[in-house]
Amino acid sequence: MKRTAIIVVASLMMLGQACKQKPHKINNTAQVDHYTFKLSENVIREKVRFKNRYGIMLTGDLYLPKKQGNEAQPAIAISGPFGAVKEQSSGLYANQMAERGFIALAFDPSYTGESSGEPRNVASPDINTEDFSAAVDFLGIQKNIDRNKIGIIGICGFGGFALNATAVDKRVKAVAVTSMYDMSRVNARGYFDATTPEERTQQLVQIGEQRWKDAKNGAPELAPKGLENLPDDAPQFVKEYAAYYKTERGFHPRSLNSNSSWTITNPVSFMNMPILTYIKEISPRPILLIAGEKAHSRYFSEDAYKAALEPKELIIIPNAVHVDLYDKPDVIPFDKLQKFFTENLK
């Protein structure tokens with residue numbers, strides 16, 4: 001198997017198969033309006049669109065409490081996980097936060113889901129950071145939203161982008177992240193920084209060769225799918241990803257992790273652009289980091305906590321794994337998130 005088949009674009013790529021796979025099929029996958037959670041009877045959901053600084057049209061769902069006061073309300077922009085769409089975790093979070101009185105925007109990042117951007121199946125540390133600021137642009141011009149009371153929540157890979165956006169965008173008053181990934185770090189150094197300089201060099205050489213192939217073919221080649229036909233000895237956390245993205249629990253036909261894969265060249269910008277360089281500049285605005293005790297990604301949150309300045313808080317959820325914080329309301333500390341944003345968006 002070529003090394004390019006297992007370059008870490010996200011952990012889902014680690015067990016890419018060496019041949020093309022047939023699309024995964026489960027019940028109702030043709031229903032692209034399907035959501036993986038039930039809308040609260042106390043919440044209204046509206047489709048919205050807005051452009052980012054690069055002119056890419058983003059699509060989101062705006063969740064509003066049915067009961068609102070006459071005054072402008074606090075709002076939260078939410079995105080993630082990396083490779084997911086707004087009908088999955090970010091929408092669930094928005095639904096829960098709206099039920100608790102916040103206006104919440106769950107959006108598809110650039111090149112993903114219903115948002116625009118070509119080619120598809122790519123990500124960018126710069127553009128995905130910008131996506132959060134574009135969401136803040138949108139929220140801040142709504143008449144029913146107080147632009148001085150805007151926070152953001154990032155899930156998984158978009159936890160890192162949320163921190164990066166907050167560092168540079170002083171309009172964001174508070175940031176919370178769950179099951180956070182530092183996508184630049186994991187692509188550049190591997191899990192637990194295990195990639196050697198020689199391996200990194202070889203990956204970059206192979207990406208360069210792939211760019212010539214893509215240029216000749218006129219389109220980027222996709223990496224093999226990483227969650228199909230997993231072997232028995234696959235890492236436990238990869239099996240946990242499959243248990244979410246490839247089953248009725250979290251499958252969505254527009255989700256890249258459910259039904260497609262990233263381009264082979266996708267890692268290159270992440271390998272050269274650290275996203276948490278300026279995490280200290282979030283202070284004096286507060287940071288809340290939430291991670292599972294048994295999550296393979298826990299160390300990202302712990303290291304971000306160490307690097308950040310006060311005020312900051314790290315919460316470790318007992319017995320939880322990475323994907324438990326995607327969709328389990330009895331595990332995700334929504335009461336804590338409510339308290340955090342109530343106290344800091346005022």
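Scanning the stretch 214-235 for residues that are modelled with pLDDT of 95 or more, charged (D, E, K, R) and over 23 Å from the mean Cα position of the chain (by Cα) yields a total of 2.
Let's see how each residue does on (1) in contact with a Lys or Arg (Cβ under 8 Å, 6 or more places away or on another chain); (2) open to solvent by 30 Å² or more (accessible area, probe 1.4 Å); (3) over 24 Å from Glu248 (Cβ atoms):
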{"residue": "His34", "(1), (2), (3)": "no, yes, no"}
{"residue": "Ile56", "(1), (2), (3)": "no, no, yes"}
{"residue": "Asn70", "(1), (2), (3)": "no, yes, yes"}
{"residue": "Gln73", "(1), (2), (3)": "yes, yes, yes"}
{"residue": "Gln88", "(1), (2), (3)": "no, no, no"}
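Residues in the stretch 231-263 that are among the β-branched types (Val, Ile, Thr), assigned to a loop (DSSP other than H, G, I, E, B) and open to solvent by less than 10 Å² (accessible area, probe 1.4 Å): 0 in all.
Can you say whether Pro267 is surrounded by fewer than 17 Cβ atoms within 10 Å (Cβ to Cβ), touching a residue at least 60 places away in the same chain (Cβ under 8 Å), within 22 Å of Val85 (Cα to Cα) and not hydrophobic (A, V, I, L, M, F, W, C), as far as the supplied structure shows? No; evaluated as a whole, the condition is false for this residue. Residue count for the stretch 35-62 satisfying the condition of being closer than 20 Å to Ser110 by Cα and not polar (S, T, N, Q): 16. Flag not set for Leu64, criterion: open to solvent by 10 Å² or more (accessible area, probe 1.4 Å), within 19 Å of His252 (Cβ to Cβ) and out of contact with any Gly (no Cβ under 9 Å at 6 or more places or on another chain).
Any residue at all in the stretch 138-161 that's more than 22 Å from the chain's Cα centre (by Cα), in a helix (DSSP H, G or I) and free of Cβ contacts under 8 Å to residues at least 24 places away in the same chain? No, that holds for no residue. One residue is enough: does the stretch 292-302 have a residue meeting the conditions touching a Cys at 6+ places or on another chain (Cβ under 9 Å) and surrounded by 18 or more Cβ atoms within 10 Å (Cβ to Cβ)? For the stretch 292-302, residues touching a Cys at 6+ places or on another chain (Cβ under 9 Å) and surrounded by 18 or more Cβ atoms within 10 Å (Cβ to Cβ): present. Selection over the stretch 91-128 of residues that are buried (at least 24 other Cβ atoms within 10 Å of the Cβ), among the β-branched types (Val, Ile, Thr) and under 22 Å from Ile275 (Cβ atoms) gives a count of 1. Does the stretch 216-224 contain any residue that is in contact with a Phe, Trp or Tyr (Cβ under 6 Å, 6 or more places away or on another chain), of a type outside the set (Asp, Glu) and over 28 Å from Leu337 (Cα atoms)? Checking the stretch 216-224: at least one residue is in contact with a Phe, Trp or Tyr (Cβ under 6 Å, 6 or more places away or on another chain), of a type outside the set (Asp, Glu) and over 28 Å from Leu337 (Cα atoms). Within the stretch 310-330, at least one residue is closer than 16 Å to Gly154 by Cβ, of a type in the set (Lys, Arg) and crowded, with 17+ Cβ neighbours inside 10 Å.
The values are calculated or read from the model by the stated rules, or taken from the named source; none is laboratory data. Remember, it's a predicted structure, so these values are computed and weren't measured experimentally. Please note: Cβ atoms are built from the backbone with ideal geometry, for glycine as well, and neighbour counts cover all protein chains shown. Remember, those area values only see protein heavy atoms, side chains included, never the ligands or the DNA or RNA. Shrake-Rupley method; radii C 1.70, N 1.55, O 1.52, S 1.80 Å.
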